[in-house]
Each structure stands twice: as C-alpha cells, then as structure tokens.
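Engineer: Have a look at this one before I ask anything.
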Amino acid sequence: MLIRVERFYDRLSRWLGKGLSFVLLLMTLNVFYDVIMRYTFHNSSVGMQEMEWHLFSVVILFGMSVALIEEGHVRVDFLYDRYKPKNKAIINIIGTIFFLLPLALLIFFGSFDFVRDAWEIGEISEDPGGLRYRWIIKGMIPIAFGVLIFSAVGYTVKNINLYRFHKDGGSVPSTTDGGAQ
C-alpha cells in the first residue's frame, strides 16, 4: 500500500517538475526579450522586468517541493553519505516531521493575511508601467507551501518504505518500474 502512495507522489513530482520547466522556459524567453529590447533597441518595459521576478518566484516556491521529493534539497552530505540507508531514512523522517513541516505550516498559515491584505487593497506595482494584480504572485506563497506540505508527506512515506525494506534486509522495490506491492 505505501509503495502505491509513494508512486503517486513520484508521479505528481514529475508532473510538477515538467510544469516548472515550462515556467523556467517562459522566464528565459522573457529575460532574452528584455535584454534584446534594452541593449539593442534602448527600450525597456517595467512590466516585463517585473514578470521576470514573478516567474522566478514561481520556480523557486514550487521548486522546493520537487527538490524535496527528488532528493535535491540541502543537507550535510559529507556526513549523511556515510550512514546506512536505514539510518538515512530515520534522519529524513525526523527532519521532515520536526523541522520541515513546522516551518512550512507556519509560513502556510502565516501567509493568508498577507495575501488577503494584498487582494483587498488591489495591490499593484508602484512603478509606472508595472504589473497589476500583485496579489496573484503573493497568492503563490500559501499555495506553494501547501504543495510543500503535501510533498513532505510523500517524502516521509518514501523514507518509511526505505526504512521498512532495509530493516528487513530486502531490496527496495522501484517506484518507477512497477516494483513489488
């Protein structure tokens, strides 16, 4: 049962990663356009410059979840790599439950008033020609941390599976090739 749950989270992570790669491509094209306009035609758009950091924010905010599931997050690897898989799983479970989840929950719930205030006043850019509806990008904060909390559950399940299979001395079934159930 937990293997199926882990596969579900892996599929969602891959889907999110593909979506973020599209956003990153849009951001790259936006920067390319802005640079060409600025240095070739001596014309620049404040709205396009602001769109750069809006897209960058989306990549960073949602990229946290993909990095977690794909084991791309930061840790002290020179110590971590020396541990047995069972001990790594325990460290990951404890770190997720006691460090990642409390901080993610704090930001998730703490950002609602921030977003609501921006929406209620109809916050826009202070710069002439800037983007309207700044509350939309601020609204990505609770959404992204909600996705991170969701991904943390998947990451915990993944590490429970690692712990279970290494505890029994068996090999971990693959989540990508239809391993044992």
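Engineer: Looking at Phe112, Phe108, Phe78, Phe145, which one is assigned to a helix (DSSP H, G or I) and surrounded by fewer than 12 Cβ atoms within 10 Å (Cβ to Cβ)? Full working, then the answer.
Structural biologist: Details: Phe112 fails: surrounded by fewer than 12 Cβ atoms within 10 Å (Cβ to Cβ); Phe108 fails: surrounded by fewer than 12 Cβ atoms within 10 Å (Cβ to Cβ); Phe145 fails: surrounded by fewer than 12 Cβ atoms within 10 Å (Cβ to Cβ).
Of Phe112, Phe108, Phe78, Phe145, the one residue that is assigned to a helix (DSSP H, G or I) and surrounded by fewer than 12 Cβ atoms within 10 Å (Cβ to Cβ) is Phe78.
Engineer: Filter region 65-75 down to the residues that are modelled with pLDDT of 90 or more, of a type outside the set (S, T, N, Q) and surrounded by 18 or more Cβ atoms within 10 Å (Cβ to Cβ) and list them by number.
Structural biologist: Step one: filter region 65-75 for residues modelled with pLDDT of 90 or more, giving 65-68.
Retained after the next criterion (residues that are of a type outside the set (S, T, N, Q)): 66-68.
Result: Val66, Leu68.
Engineer: Kindly establish whether Trp53 is aromatic (Phe, Trp, Tyr) and farther than 26 Å from Trp15 by Cβ. Step through it out loud before you land on a result.
Structural biologist: Details: aromatic (Phe, Trp, Tyr): yes; farther than 26 Å from Trp15 by Cβ: no.
Answer is no for this residue.
Engineer: Among the candidates Val76, Val23, Val46, single out the residue that is β-branched (Val, Ile, Thr), over 17 Å from Phe150 (Cβ atoms) and over 22 Å from the mean Cα position of the chain (by Cα).
Structural biologist: Values: Val76 fails: over 22 Å from the mean Cα position of the chain (by Cα); Val23 fails: over 22 Å from the mean Cα position of the chain (by Cα).
Being β-branched (Val, Ile, Thr), over 17 Å from Phe150 (Cβ atoms) and over 22 Å from the mean Cα position of the chain (by Cα) holds for just one of Val76, Val23, Val46, which is Val46.
Residues checked against (1) out of contact with any strand residue (DSSP E or B) (no Cβ under 6 Å at 6 or more places or on another chain); (2) small (Gly, Ala, Ser); (3) within 30 Å of Pro128 (Cα to Cα); (4) not in a helix (DSSP H, G or I):
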| residue | (1), (2), (3), (4) |
| --- | --- |
| Ile3 | yes, no, no, no |
| Leu12 | yes, no, no, no |
| Ser21 | yes, yes, no, no |
| Val35 | yes, no, yes, no |
| Asn43 | yes, no, yes, yes |
| His54 | yes, no, yes, no |
| Ser57 | yes, yes, yes, no |
| Tyr83 | yes, no, no, yes |
| Lys88 | yes, no, no, no |
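The values are calculated or read from the model by the stated rules, or taken from the named source; none is laboratory data. Just so it is clear, the model here is predicted, and its values are computed rather than measured. A quick note on method: Cβ atoms are made from the backbone with ideal geometry, for glycine too, and the neighbour counts reach across all protein chains shown.
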